[in-house]
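Structure first, then comments.
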Amino acid sequence: MDKSTKDRIAKLHPKVREEMKTIIDECNVALSGRSKIRISQGLRTFAEQDALFKQKPKVTNAKGGQSIHNYGFAVDIVLIIDGKTASWDIHKDWDNDKVSDWDECVSIFAKHGWSWGGSWASFKDFPHFEKIGFNNWRTLLFKDKDSEGYVIV
């Protein structure tokens with residue numbers, strides 16, 4: 001697991017940090033070839049979310065407070081090929097095991113109770129995963145926060 005991924009996991013909601021370490025480790029074992037998984041995005045502030053919302057072309061439908069990233073229960077991933085090249089190719093089978101590396105990761109996330117943005121009916125978000133059970137921003141928005149600023153769940 002690379003330093004960027006470790007740093008991003010450390011900022012996720014405390015309820016999912018250990019589980020995310022397990023998921024990343026399992027993905028990296030499954031990706032026995034040239035690719036490794038990196039978390040490219042984890043916790044986002046409301047201001048960071050608003051800035052993404054204003055981007056053209058559109059990259060998100062969520063304003064600040066409306067993304068599960070804002071609560072530390074979502075990650076975006078990228079595959080790092082040969083330790084240097086970022087890939088979001090969801091079809092490539094870098095380890096030649098007849099299953100795309102991305103699909104291997106999707107299965108591992110699902111096994112741990114995370115939903116994939118690539119399965120959404122509209123506005124597909126292929127790099128995105130969010131923890132089932134904590135993926136309703138309308139509920140999270142009004143939760144009390146602990147001393148570190150994380151919602152109490």
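Throughout, read-outs are computed from the coordinates displayed, never taken from laboratory work. Since the structure is predicted, the reported quantities are computational estimates derived from the model, not experimental observations. Virtual Cβ from ideal backbone geometry, glycine too; neighbours counted across all protein chains shown.
For segment 6-33, a tally of residues being assigned to a helix (DSSP H, G or I) and closer than 20 Å to Trp94 by Cα returns 8.
Among the candidates Ala47, Ala86, Ala51, the residue that is in a strand (DSSP E or B) and loosely packed, with under 14 Cβ neighbours inside 10 Å is uniquely Ala86. Just one residue in the set Lys98, Lys92, Lys145 is surrounded by 12 or more Cβ atoms within 10 Å (Cβ to Cβ) and either in contact (Cβ under 8 Å) with a residue 60 or more places away in the chain or of a type in the set (Lys, Arg) (or both); that residue is Lys92.
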